[in-house]
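Please treat every number below as a calculation from the coordinates, not as lab data. Not measured: the values here are computed from a predicted model. All Cβ positions, glycine included, derive from the backbone under ideal geometry; neighbour counts span all protein chains shown.
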Amino acid sequence: MDLQKFNRIKNDNGFIAALDQSGGSTPKALRLYGIDEQSYKNDEEMFDLIHQMRSRIIKSKAFRSDRILGAILFEMTMQRKIDEKFTADYLWSEKNIVSFLKVDKGLEEEKDGVKVMKDILNLEQTLQKALSFGIFGTKMRSVILKANEEGIKKVVKQQFEFAKRILKQGLVPIVEPEVDINCVDKEKCEEILKREILLELNKLKENEKIMLKLTLPTVTNFYKEFTQNDKVLRVVALSGGYSREKANELLSKNTKMIASFSRALTEGLNVNQSDEEFDKMLDSSIESIYEASKK
């Protein structure tokens, strides 16, 4: 494990930029950026366009290491280049920003009030490839829709089973059991989730450290205990469909929790903006998220 990257994530101020829209969420991300489905004929053209968008964000003078600690990448982004350097290499060598790789392959259909991850085939091979590209950690997402004890237990168990395999390969896993912000019993979901995560954290070995990516909680500082746990490198928050303004407002109340926003980060960016307009919008977004992450 790269200790320089480890210490940066553990100790420095800033947040994690989530730039990992995959096949299913890419059309929506492009639409919000001002590119509709008529602008591309196939997946290859679609992924070219999303890489152009991500490259524009990463290369922007607003995308700086004094406010951004890390970036979560989609596998295709990892394998593509920015200015003749592979993306993770560009981020680290040019920006001093640590890269994480989204490794999950999407979600199963809802059962027991949750959507567990599909099996991650060839995980170890993917992790070895990630290491060769200079990736520091991974991210994988499940979704909780109802306060169903059995369902939430399944989500947490599966997340930690994969996390242990990732740790064995020398990467730091971001465990992301998202609680849907619209579920009617969100607070109850969070109570069950916290209990189950604590049980799994207690099973980790002393040298095994993970990160947690969690929905902003109903009760302020509900996850503060995780920020003080020796097994947790960092606790980050997902925006989960909240507007950037609302996500920042909630985040700023939760001590030692930092952002890992996706849609809220890119909100307001448009393909037709001049570089000056684009940089100004992105700078404003990044600054507001950074301030909400500072405690």
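Any of Lys105/Lys246; Lys61/Lys295; Lys164/Lys224; Lys28/Lys295; Lys61/Lys213; Lys115/Lys231 with alpha carbons more than 31 Å apart? Name them for me.
Working: Lys105/Lys246 29 Å; Lys61/Lys295 24 Å; Lys164/Lys224 23 Å; Lys28/Lys295 33 Å; Lys61/Lys213 27 Å; Lys115/Lys231 26 Å.
Over 31 Å Cα-Cα: Lys28/Lys295.
Once the piece of chain linking Met1 and Lys85 is laid out straight, how much longer is it, given 0.36 nm per residue of separation minus the C-alpha distance between them?
Values: separation 84, 0.36 × 84 = 30.24 nm, distance 2.16 nm.
Gain in length upon complete extension: 28.1 nm.
Run the dipole for the range 101-151 about the Cα centre, Lys and Arg Cβ at +1, Asp and Glu Cβ at -1, nothing else charged, and hand back the magnitude in debye, nearest 20.
Values: 9 positive and 9 negative charges, 72 e Å.
Roughly 340 debye, rounded to the nearest 20.
Give me the distance in nm between label points sitting 7 Å out from Cα along the Cα-to-Cβ direction at Glu187 and Asp230, one decimal.
Output for this residue pair reads 3.4 nm.
Quick one: order Lys246, Lys203, Lys102 by neighbouring beta-carbon count within 10 Å, fewest to most.
Working: Lys246 15, Lys203 10, Lys102 22.
Listing Lys246, Lys203, Lys102 from fewest to most nearby Cβ atoms yields Lys203, Lys246, Lys102.
Which order do Asp20, Asp12, Asp83, Asp104 fall in if you start with the one that has the fewest other Cβ atoms within 10 Å? Walk me through the intermediate numbers first.
Numbers: Asp20 23, Asp12 14, Asp83 9, Asp104 20.
In order of increasing Cβ crowding within 10 Å: Asp83, Asp12, Asp104, Asp20.
Give me the log10 of I(q) over I(0) for the chain at q = 0.12 Å⁻¹, as the Debye formula computes it from C-alpha points; what are the numbers?
The Debye formula, applied to the Cα set alone, gives -0.74.
Run down the aspartates and glutamates and flag those whose C-alpha is under 20 Å from the C-alpha of Lys253, throwing out any fewer than 8 positions away in its chain.
Straight-line reach from Lys253, under 20 Å: Asp12, Glu178, Asp180, Glu187, Glu190, Glu191, Glu225, Glu245, Glu287, Glu291.
How far is the Cα center of the range 87-153 from the Cα center of the range 29-77, in Å?
Here the answer is 18 Å between Cα centres.
So how strong a dipole does the chain carry about its Cα centre when Lys and Arg Cβ are +1 and Asp and Glu Cβ are -1, to the nearest 20 debye? Present the calculation step by step, with values, prior to reporting the outcome.
Working: 50 positive and 48 negative charges, 175 e Å.
My answer is approximately 840 debye.
Return the calculated 222 nm mean residue ellipticity for the chain, to the nearest 500 deg cm²/dmol, obtained by summing -39500 (n - 2.57) across DSSP H runs with n ≥ 4 and dividing by the residue count.
Working: 12 runs with 127 residues, N = 295.
-13000 deg cm²/dmol, from helical runs alone.
Over 26 Å between C-alpha atoms is what I'm after, so list which of Lys118/Lys146; Lys10/Lys139; Lys10/Lys146 land there. Please list the in-between numbers first.
Details: Lys118/Lys146 19 Å; Lys10/Lys139 16 Å; Lys10/Lys146 32 Å.
Listed pairs above 26 Å: Lys10/Lys146.
So how strong a dipole does the range 31-117 carry about its Cα centre when Lys and Arg Cβ are +1 and Asp and Glu Cβ are -1, to the nearest 20 debye? The partial results should precede the final answer.
Working: 16 positive and 17 negative charges, 114 e Å.
Around 540 debye, computed over the range 31-117.
Quick one: order Arg64, Arg31, Arg234 by neighbouring beta-carbon count within 10 Å, fewest to most. It would help to have the intermediate numbers written out before the result.
Working: Arg64 15, Arg31 12, Arg234 25.
Lowest count first: Arg31, Arg64, Arg234.
Tell me the net charge near Asn7. Cut-off is 13 Å between Cβ atoms, Asn7 excluded, with +1 for each Lys or Arg and -1 for each Asp or Glu.
Working: positive: Lys5, Arg8, Lys10, Lys209, Arg234; negative: Asp2, Asp12.
Residues near Asn7 contribute +3 overall.
Quick query: amide H of Ser142 versus all other amide H atoms, modeled in the peptide plane; which residues come in under 5 Å with a sequence gap of 5 or more or a different chain?
Glu176, Glu178
Assuming a ≥ b ≥ c are the square roots of the Cα gyration tensor eigenvalues, decide whether the range 1-158 counts as rounded (a/c under 1.5), prolate (otherwise, with a/b larger than b/c) or oblate. If you can, show how the numbers build up before the last one.
Working: a/c = 1.77, a/b = 1.21, b/c = 1.46.
Oblate, because a/c is 1.5 or more while a/b does not exceed b/c.
GluC sites (Glu not before Pro) within the range 79-147: which are DSSP loop residues with at most 10 other Cβ atoms inside 10 Å? Each step should come with its number before you reach the end.
Details: sites: Glu84, Glu94, Glu108, Glu109, Glu110, Glu124; in loops: Glu84, Glu108, Glu109, Glu110.
Listed in order of number, the matching sites are Glu84, Glu109.
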